[in-house]
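The structure appears right after this line, and notes come after that.
The values are calculated or read from the model by the stated rules, or taken from the named source; none is laboratory data. Just so it is clear, the model here is predicted, and its values are computed rather than measured. No Cβ is skipped: glycine too gets one built from the backbone with ideal geometry, and neighbour counts run over all protein chains shown.
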Amino acid sequence: MQNVPEHIYTPQGAEADQSPIVVASESMLSREDRWSQMGQKGGVVWLTGLSASGKSTISRNLEWQLHQEGRKVFALDGDNLRLGLCDDLGFSEKDRNENLRRAGHVALLMAEAGLIVLCAFISPYNLQRSELRTLCGQRGIPFFEVYVNTSIEVCEKRDPKGLYKRARDGKILGMTGYDSPYEPPSNPDLTLLTNETSITDAVARLRKALETAGWL
């Protein structure tokens, strides 16, 4: 086989975004084929909120419940992605945006396969979440945004990772909700006030909302 110069595979500048060698590969299976075999529709449920707001706990509990019901479901957690796919990223604004971009595309692929994907990510900016909703919409994948609304005071009391304490001690900079902004969703599909409700009730409310929306 003839050797091809390496630069053929690494286009530079404006051409890098329109590389002739990167072409989408179409499957012989349609989305309907996959979803029909799974017996359900795939979709992305995006839980956003401050650190320690309860996002992961809610998603894990709902994952277990839906699995017990025979649903095909997967809880995609921000920390887990940072231990693998995103372990090359830090916590600068640029890296956080890239972390969410990767997470969104992973969730999209899993939903294409027919899974209900429960995504727990702080995702502090409205633009980030809007882009994720648009990405799913462009591909015909249902997207459901959940605002896990918990006060900073309650989150600091929980502080299971000790992040707020480290931020107060000056050991962490750019802590969302502390010295870095969090933009609450302006029009989420569901708001869960975990200051006022138990995890059991929050999970029940989310499950009911998904059922009402035609997901279950």
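Where the second residue is among the acidic types (D, E) and part of a helix (DSSP H, G or I) and the first is within 17 Å of A113 (Cα to Cα) and lies in the range 60-86, which pairs have Cβ atoms under 6 Å and are six or more apart or on separate chains?
Sorted first by the residue in the range 60-86, then by its partner, the pairs are V73/E63; A75/E63.
Looking at the range 117-127, which of its residues are touching a Phe, Trp or Tyr at 6+ places or on another chain (Cβ under 9 Å) and either part of a helix (DSSP H, G or I) or at positive phi (or both)? Break it down stepwise before answering.
Narrowing the range 117-127 to residues touching a Phe, Trp or Tyr at 6+ places or on another chain (Cβ under 9 Å): 117-125.
Within the range 117-127, S123 is the sole residue that qualifies.
On the basis of being touching a Lys or Arg at 6+ places or on another chain (Cβ under 7 Å) and either among the hydrophobic types (A, V, I, L, M, F, W, C) or at pLDDT 90 or above (or both), does G114 make the cut?
It is true that G114 is touching a Lys or Arg at 6+ places or on another chain (Cβ under 7 Å) and either among the hydrophobic types (A, V, I, L, M, F, W, C) or at pLDDT 90 or above (or both).
Sort out which residues of the range 137-148 are touching a residue at least 60 places away in the same chain (Cβ under 8 Å) and surrounded by fewer than 20 Cβ atoms within 10 Å (Cβ to Cβ), and write them in order of number.
Taking the range 137-148 and keeping what is touching a residue at least 60 places away in the same chain (Cβ under 8 Å), we get 140-148.
Correct list: G140, P142.
Applying the selection to the range 199-216, what residues are surrounded by fewer than 17 Cβ atoms within 10 Å (Cβ to Cβ), in a loop (DSSP other than H, G, I, E, B) and touching a helix residue (DSSP H, G or I) at 6+ places or on another chain (Cβ under 9 Å)?
Correct list: L216 only.
So, in the range 158-198, of the ones that are more than 30 Å from L210 (Cβ to Cβ) and in contact (Cβ under 8 Å) with a residue 60 or more places away in the chain, which residue ends up surrounded by the most Cβ atoms within 10 Å (Cβ to Cβ)? First the steps, then the outcome.
Going through the range 158-198, the residues more than 30 Å from L210 (Cβ to Cβ) turn out to be 162, 164-175, 178-180.
Still in the running and in contact (Cβ under 8 Å) with a residue 60 or more places away in the chain: 164, 174-175.
Numbers: Y164: 21, G174: 13, M175: 17.
Here the answer is Y164.
When the range 97-114 is examined, which residues are found to be in a loop (DSSP other than H, G, I, E, B) and either among the β-branched types (V, I, T) or touching a strand residue (DSSP E or B) at 6+ places or on another chain (Cβ under 7 Å) (or both)?
Scanning the range 97-114 gives no hits.
As an exercise: evaluate K165 against (1) modelled with pLDDT under 95; (2) under 29 Å from W64 (Cα atoms) and give the number of the one condition it does not meet.
(2)
Just give me the residues in the range 44-96 being of a type in the set (G, A, S), in a loop (DSSP other than H, G, I, E, B) and under 27 Å from L210 (Cβ atoms), in sequence order. Quick ask: steps written out before the conclusion?
The initial filter retains those residues of the range 44-96 that are of a type in the set (G, A, S), namely 49, 51-54, 56, 59, 70, 75, 78, 84, 90, 92.
Still in the list and also in a loop (DSSP other than H, G, I, E, B): 49, 51-54, 70, 84, 90, 92.
Within the range 44-96, G49, S51, A52, S53, G54, G70 meet the criteria.
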